[in-house]
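Heads up: the structure comes next, in structure tokens.
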Amino acid sequence: MGGSANIRQYIIVISVNLTSIGMGMTLSWTSPMLVKLMHEDTQLSDRVNEDQASWIVSVGFLSSIVFFPVFYWLVSLYGRKKVMLYLSIFRATVNLLFIFATEVWMLYLVRGVTGTCEIGILSIIPAYSAEIASKQIRGALGTIAQLLNAVGMLIMLSLGPYASYLMVNIVYVTTIAVMVVPMFFVPDSPYCMVKKGRINEALKTLTYLRDSELLAQEEIKEMSCVSDYPRGN
């Protein structure tokens, strides 16, 4: 397997993990924004009190606990790429409320939906990255998510204290929306293809990723051993 194959894998895994920048911004959003919501006049009809601030912080984590089992079912039904893409699009769409919200319940809603979607994406990305990456660079590619997550936190914590509430949210929502675009162009997980019996598609994808049809066939055999579906078609 040549260097060009490694480059392809890096590009695909980085493209998917770009959404981690948005996750980092989500995690750190409350740090600068709650100060503004509680002590400054924003587009909300009233300032946020301590109880409301607590709910804004926690609602995303609470909702994700409820919906987490659904993600396993969705992945089994549609595959990793589609579920990541659908969750990312839904998250980006709902996040527009950050710009237009005038009541605190709207922040509860958007934080709850965003937290749920991001937990779903976060549960899929490591498996997807591992299935795309070859054994030799799997460890290196596995660190990308945390690196980009930290970049997102850095952006939010650097911008948040100095820009207005509206401007921070515009940057935040735009970043999340832009990071969805690369997901349209990455391949589905080869393992999910094998599990669905789409062996020819899996072989084509792995051959592209590994630069070797022989290596691709060997990996498909390994995947078939742990799959409930037959190997050939």
Requested in this report: Can you tell me the dipole magnitude for region 133-233 around its Cα centre, using point charges on the Cβ only (Lys, Arg +1; Asp, Glu -1), in Debye to the nearest 20?
Outcome: 100 debye
Query - Nearest-10 value in Å² for the accessible area of E222, using the 1.4 Å probe - result: 100 Å²
Query raised in the report: Projected onto the charge dipole of region 53-210 (+1 at Lys/Arg Cβ, -1 at Asp/Glu Cβ, origin at the Cα centre), which of A145, T174, S129 gives the Cα projection farthest towards the positive end?
Result: S129
Report summary line: Rounded to the nearest 10, the angle in degrees between the Cα long axis of helix 19-39 and the longest principal axis of the Cα atoms of the chain comes to 10 degrees
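Calculate, in whole percent, how much of the Cα-Cα pair population of the chain lies beyond 34 Å.
Within the chain, distances greater than 34 Å cover 24 percent of Cα pairs.
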Query raised in the report: Sorted by mean Cβ packing within 10 Å, highest first, what order do the peptides 187-193, 81-87 take?
Result: 187-193, 81-87
Query raised in the report: How are the Cα pair distances of region 107-168 distributed, in percent, across 10 Å bins from 0?
Result: 18, 34, 31, 15, 2
Requested in this report: Using a 10 Å cut-off on Cβ atoms, rank the peptides 14-24, 152-162 from the highest mean neighbour count down.
Outcome: 14-24, 152-162
Query raised in the report: Over region 134-224, one equal point on each Cα, no solvent: what is log10 I(q)/I(0) by the Debye formula at q = 0.16, 0.18, 0.24 Å⁻¹?
Result: -0.79, -0.88, -1.19
Query - Rounded to 10°, Cα long-axis angle of helix 80-94 versus longest principal axis of the chain - result: 20 degrees
Query raised in the report: Highest mean first, what order results for 126-133, 144-151 on Cβ atoms within 10 Å?
Result: 126-133, 144-151
Query raised in the report: If all Cα-Cα distances of region 1-121 are sorted into 5 Å bins from 0 onward, what percent lands in each bin, rounded to whole numbers?
Result: 2, 10, 17, 20, 16, 12, 9, 6, 4, 2, 1, 0, 0
Query raised in the report: Looking at the chain, how many pairs of lysines come closer than 17 Å at the Cα, when each pair is eight or more places apart or spans two chains?
Result: 11
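The values are calculated or read from the model by the stated rules, or taken from the named source; none is laboratory data. Bear in mind that the values here come from a model prediction, so they are computed numbers and not experimental data. Here the Cβ is made from the backbone with ideal geometry for all residues, glycine too, and neighbour counts use every protein chain on show. Keep in mind that these areas ignore ligands, DNA and RNA; they rest on the heavy atoms of the full protein, side chains included. Shrake-Rupley method; radii C 1.70, N 1.55, O 1.52, S 1.80 Å.
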